1. When the helix-only estimate is applied to the chain (DSSP H runs of n ≥ 4, each -39,500 (n - 2.57), divided by the residue count), what is the mean residue ellipticity at 222 nm, nearest 500 deg cm²/dmol?
2. Which of 108, 103 comes first, and how do the rest follow, when ranked by fewest Cβ neighbours within 10 Å?
3. For the chain, what is the charge dipole size about the Cα centre, in debye to the nearest 20, if Lys and Arg each add +1 at the Cβ and Asp and Glu each add -1 at the Cβ?
4. What is the packing order of peptides 64-75, 12-23, 89-100, taking the mean over residues of other C-beta atoms within 10 Å and listing the highest first?
5. Among bridges DSSP assigns within the chain, what percent are antiparallel (round to 5)?
6. When the convex hull of the Cα atoms of the stretch 74-128 is projected onto a plane and the area is averaged over all directions, what value comes out in nm²?
7. Please report the base-10 log of the normalised intensity I(q)/I(0) for the chain, using a Debye sum with one equal scatterer per alpha carbon and no solvent, at each q in 0.12, 0.16, 0.18, 0.19 (1/Å).
Amino acid sequence: MPIVRLKDDVIRMLVSEAKHIPPGLCSPHRAMPQRNGNYQKTFDVAAPSGSEFVVKLRQGVINPANFSVILGYKIPGSYTVFRLRRYNGKHPHSNHLEGERFHSFHIHLATERYQKAGCDEESYAQETSLHWDLNSAIERMLEDCGFIRPQDEDLPLFRKQP
């Protein structure tokens, strides 16, 4: 029987839990090292509750539309990072249980249902028009996932466009 690490109600709670925005996340291009054809960077994320999260960024060197912004939860007492959300660039995706296929920007959501089916926790995805590049995917994750906005909103991603 496949392992269900986290149930849907716990996933929802973790996604919405208040989290501090780690330094450098709002200007990731400045220091994203290149490895295996991708720019990559990982940020540790602290929550006031004591929960530990991680944000992983990946963007293709050749194709910048090939990107992922991942919010993971560090399961206490293990080295396991449970992927709660993944904001992806434009490429084909299939939701196997629903028999759906699409080729667009999308957001992966961790579900108990996919874990029970023996799939990766965040195998299910929904198409979106709410992000279109790495920066807008980071912004979308911050909006969706309980991140606490700084009082000084003069960070690059938070500047209001005229």
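1. -4000 deg cm²/dmol
2. Details: 108 23, 103 10.
With the sparsest Cβ surroundings first, the list reads 103, 108.
3. 380
4. Those peptides, ordered most packed to least, come out 64-75, 12-23, 89-100.
5. Working: 38 of 40 bridges.
Taking every DSSP beta bridge with both residues in the chain, the antiparallel ones total about 95 percent.
6. 4.1
7. Listed by q, the Debye log ratios stand at -0.54, -0.97, -1.21, -1.33.
Read-outs: derived from the displayed coordinates by stated rules, not from any lab. Model, not experiment: these values are computed from the prediction. Every residue, glycine among them, receives a Cβ derived from its backbone with ideal geometry; neighbour counts consider all protein chains shown.
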